[in-house]
Amino acid sequence: MSHRILIADDEPNIVVSLEFMMKREGYDVLVARDGTEALATIRGSRPALVLLDGMMPGMSGFEVCEAVRADPDLAGTRIVMLTAKGRDTDVARGMGAGADAYVIKPFSTQELVQRVRELLA
């Protein structure tokens, strides 16, 4: 049985690239284009892992992450923050919101795939 992954990003090129990569790895992929849709999809579809953009319309990825961590039913959801915000304060904010990993754009696709594998192992 393959793991379900949610790609939550408002940038179409990133979504297409991540979707291709994750499907190639054998994952079942869902997509959300803003923070509000991401949270609804997490609640409704219970993905094992979320690739979550930090800056999206509706709710930011940071807010989505905090909402997921505040819900005991969703606590086991793995979250990888993917964002161009790479300052130490941004990383601290993402990890403080409850992210399992923080990956700065642009990122190595190999590293990202490896990180996903590790989190789902």
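Within the stretch 1-19, being of a type in the set (A, V, I, L, M, F, W, C) and either in contact with a Lys or Arg (Cβ under 7 Å, 6 or more places away or on another chain) or assigned to a helix (DSSP H, G or I) (or both) holds for ILE14, VAL15, VAL16, LEU18.
The test for being within 19 Å of LEU30 (Cα to Cα), open to solvent by 70 Å² or more (accessible area, probe 1.4 Å) and of a type outside the set (A, V, I, L, M, F, W, C) does not hold for ARG87.
Within the stretch 74-91, the presence of at least one residue that is modelled with pLDDT of 90 or more, among the polar types (S, T, N, Q), under 15 Å from the mean Cα position of the chain (by Cα) and at negative phi is confirmed. Within the stretch 90-102, the residues that satisfy the criterion of being under 28 Å from GLY26 (Cα atoms) and either open to solvent by 20 Å² or more (accessible area, probe 1.4 Å) or not aliphatic (A, V, I, L, M) (or both) are GLY94, MET95, GLY98, ASP100, TYR102. All of ALA67, ALA38 fail the test of being of a type in the set (A, V, I, L, M, F, W, C), in contact with a Leu (Cβ under 7 Å, 6 or more places away or on another chain) and under 23 Å from PRO12 (Cα atoms), apart from ALA38.
Pairing residues of the stretch 9-24 that are under 11 Å from LYS105 (Cβ atoms) and among the β-branched types (Val, Ile, Thr) with residues that are open to solvent by 80 Å² or more (accessible area, probe 1.4 Å) and assigned to a helix (DSSP H, G or I), at Cβ distances under 9 Å and at least 6 apart in sequence or on separate chains, gives no pairs at all.
Selection of the stretch 27-84 for residues being aliphatic (A, V, I, L, M), buried (at least 22 other Cβ atoms within 10 Å of the Cβ) and part of a loop (DSSP other than H, G, I, E, B) yields only MET56. So for the stretch 102-119 (the condition being touching a helix residue (DSSP H, G or I) at 6+ places or on another chain (Cβ under 6 Å) and part of a loop (DSSP other than H, G, I, E, B)), does at least one residue qualify? No, that holds for no residue.
The values are calculated or read from the model by the stated rules, or taken from the named source; none is laboratory data. In this text the structure is predicted, and so the values were computed from the model without any measurement. Positions of Cβ are backbone-derived with ideal geometry, glycine not excepted, and every protein chain shown enters the neighbour counts. For accessibility, only protein heavy atoms count, side chains too; no ligands or nucleic acids. Shrake-Rupley method; radii C 1.70, N 1.55, O 1.52, S 1.80 Å.
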